[in-house]
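Okay, so here's the structure we're looking at.
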Amino acid sequence: MRILIIEPFNSGSHAAWAQGYQRHSSHSVEILGLPGKNWKWRMLGAAVTLARQYQELIVAGKQYDLILASDMFDLAAFLGLIRKFSGSGSGFGPPVALYFHENQLTYPQSPNEQSRLAGRDRKFGLINFTSALAADTCFFNSDFHRLSFIEALPGFLGRSPDCQELDAIAEIERKSEVLYLGLDLERLSALKPSKELFGESDRPPLILWNHRWEYDKNPAEFFAVLQELMALGVDFEVAILGEHYQPPPELFLENQKLLGSRLLHFGYAENFADYVAWLWRADILPVTSNHDFFGASVVEAVYCNCYPLLPRRLAYPEHFPKSGDDKFFYCDSRELCEKLKSLIDHVGEVRSTKLSSQVAHYDWSQMAPQYDKKLASLIS
């Protein structure tokens with residue numbers, strides 16, 4: 001089977017997803033993508049560029065059995081533009097599946113959006129809606145994501161003055177299913193550093209942040225909890241990783257000073273091996289995010305035996321369906337601080353806990369066959 005992945009934001013985690021499936025699939029997979037920048041313009045205008053590039057492939061003799069498109073562009077516009085090049089003279093082309101990494105209906109508003117009287121620009125959510133309608137199948141990277149998108153549609157469409165098309169929601173729901181993110185977890189095992197890097201066993205517990213330095217990851221709560229532990233005289237160290245724009249957010253710079261010598265690393269790890277080494281070295285991952293439709297950085301850290309403390313919201317409970325208790329979860333900042341302090345006090349037990357098996361099923365060695373089977377079923 002010949003699959004074309006269309007990735008309008010072909011950088012970072014989106015590119016890793018597309019390239020990971022390409023490497024591990026039993027099918028022939030090609031990627032048609034644009035650089036991962038200017039996301040608003042990707043949503044608004046990428047369909048035109050990608051349609052032209054797709055037409056060039058067809059004219060050159062390429063043929064595809066299925067298109068797997070990522071969500072960050074106008075799929076309906078793209079399909080309209082390529083209708084003459086999609087297949088034979090009938091104008092009907094291969095089946096099209098849409099993969100939702102995120103959506104613009106339930107993505108948390110930024111402070112800039114909250115300060116505007118009009119709020120969020122609705123055209124991006126409308127593009128997600130019409131793209132879902134245009135696709136033959138919609139895949140979501142978690143069940144939380146699928147449900148949150150579908151449950152947001154009535155309110156979103158209900159704000160229209162007329163022609164609300166609420167009946168279309170049932171159509172989208174019928175053709176929507178979960179297809180979890182695949183990750184190259186085995187690569188994390190291959191890059192596991194020697195024990196000498198970890199230092200003495202009596203070293204202070206190392207707390208990890210390995211997310212983007214942005215508002216939706218809720219860094220304010222993370223740093224507030226650390227400051228509370230410092231006020232209590234709790235001994236710990238911190239590694240702050242993750243991507244960020246320049247200059248770094250003021251909140252991070254302020255806490256860089258406050259943490260002082262406790263801070264062992266501050267900034268993006270340019271070398272992937274260095275990033276992986278910090279994951280294996282870290283002990284505890286307190287997550288405060290207001291948004292995660294899947295949580296790839298959380299899964300990576302847990303695979304490296306970093307003990308997670310997660311809010312009982314978003315997609316995180318799907319990662320631990322058989323844990324049998326609340327050991328990985330908290331409900332509010334007070335409980336987060338209490339559980340984090342307890343883990344620090346019992347860091348020996350934390351370090352002896354093996355967690356890789358909890359999330360190993362997300363490795364591409366297991367996920368690629370699931371993708372292959374689901375995508376093959378769309379053309380049978």
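Filtered by the rule that a residue be in contact (Cβ under 8 Å) with a residue 60 or more places away in the chain and closer than 22 Å to Ile67 by Cα, the range 125-146 gives Ile127, Ser131, Ala135, Asp136, Thr137, Phe139, Phe140, Asn141, Ser142, His145.
Once the range 1-16 is narrowed to residues that are farther than 19 Å from Ala46 by Cα and outside any strand (DSSP E or B), the residue that is nearest to the chain's Cα centre (by Cα) is Ala16. Within the range 214-227, residues that are among the hydrophobic types (A, V, I, L, M, F, W, C) have Cβ atoms under 6 Å from residues that are outside any helix (DSSP H, G or I) in these pairs: Phe222/Thr288, counting only partners at least 6 apart in sequence or on another chain.
Yes or no, residue by residue, for (1) under 30 Å from Glu300 (Cα atoms); (2) out of contact with any Leu (no Cβ under 7 Å at 6 or more places or on another chain); (3) modelled with pLDDT under 95; (4) not aromatic (Phe, Trp, Tyr):
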position: His24; (1), (2), (3), (4): yes, yes, no, yes
position: Glu30; (1), (2), (3), (4): yes, no, no, yes
position: Met43; (1), (2), (3), (4): yes, yes, no, yes
position: Leu50; (1), (2), (3), (4): no, no, no, yes
position: Tyr54; (1), (2), (3), (4): no, no, no, no
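Taking Ile240 as meeting all but one of (1) over 24 Å from Ala315 (Cβ atoms); (2) of a type in the set (Val, Ile, Thr); (3) free of Cβ contacts under 8 Å to residues at least 60 places away in the same chain, write down the number of the exception. Unmet condition: (1). Restricting the search to helices (runs of 4 or more DSSP H) fully inside the range 322-380 and requiring at least 1 residues that are modelled with pLDDT of 95 or more, in contact with a helix residue (DSSP H, G or I) (Cβ under 6 Å, 6 or more places away or on another chain) and closer than 18 Å to Arg23 by Cβ gives 364-377.
Out of all the residues in the range 96-119, is one or more modelled with pLDDT of 95 or more, more than 19 Å from the chain's Cα centre (by Cα) and not small (Gly, Ala, Ser)? Yes, the range 96-119 contains a residue that is modelled with pLDDT of 95 or more, more than 19 Å from the chain's Cα centre (by Cα) and not small (Gly, Ala, Ser).
Tallying residues that are without any contact (Cβ under 8 Å) to a residue 40 or more places away in the chain and in a helix (DSSP H, G or I) within the range 147-180 yields 13. If we keep just the residues of the range 22-79 that are surrounded by 22 or more Cβ atoms within 10 Å (Cβ to Cβ) and β-branched (Val, Ile, Thr), which is nearest to Asp184 (Cα to Cα)? Here the answer is Val29.
Please determine, by comparing only the residues of the range 146-186 that are closer than 30 Å to Tyr275 by Cβ and in contact with an Asp or Glu (Cβ under 6 Å, 6 or more places away or on another chain), which one is surrounded by the most Cβ atoms within 10 Å (Cβ to Cβ). Ranking the qualifying residues of the range 146-186, first place goes to Leu185. Starting from the range 356-377, keep only residues that are within 16 Å of Ser28 (Cα to Cα) and in the same structural domain as Ala18 (by TED's automatic domain parsing), then list their pairs with residues that are aromatic (Phe, Trp, Tyr) and modelled with pLDDT of 95 or more whose Cβ atoms are within a distance under 6 Å, requiring at least 6 positions of separation or different chains. Hits for this filter: Tyr371/Tyr21.
Got at least one residue in the range 230-245 being more than 21 Å from Cys306 (Cα to Cα), at pLDDT 95 or above and not aliphatic (A, V, I, L, M)? Yes, the range 230-245 has at least one match.
The values are calculated or read from the model by the stated rules, or taken from the named source; none is laboratory data. Keep in mind that what you see is a predicted model, and the values were worked out from it rather than measured. As a convention, Cβ positions derive from the backbone with ideal geometry for all residues, glycine included, and neighbour counts pool all protein chains shown.
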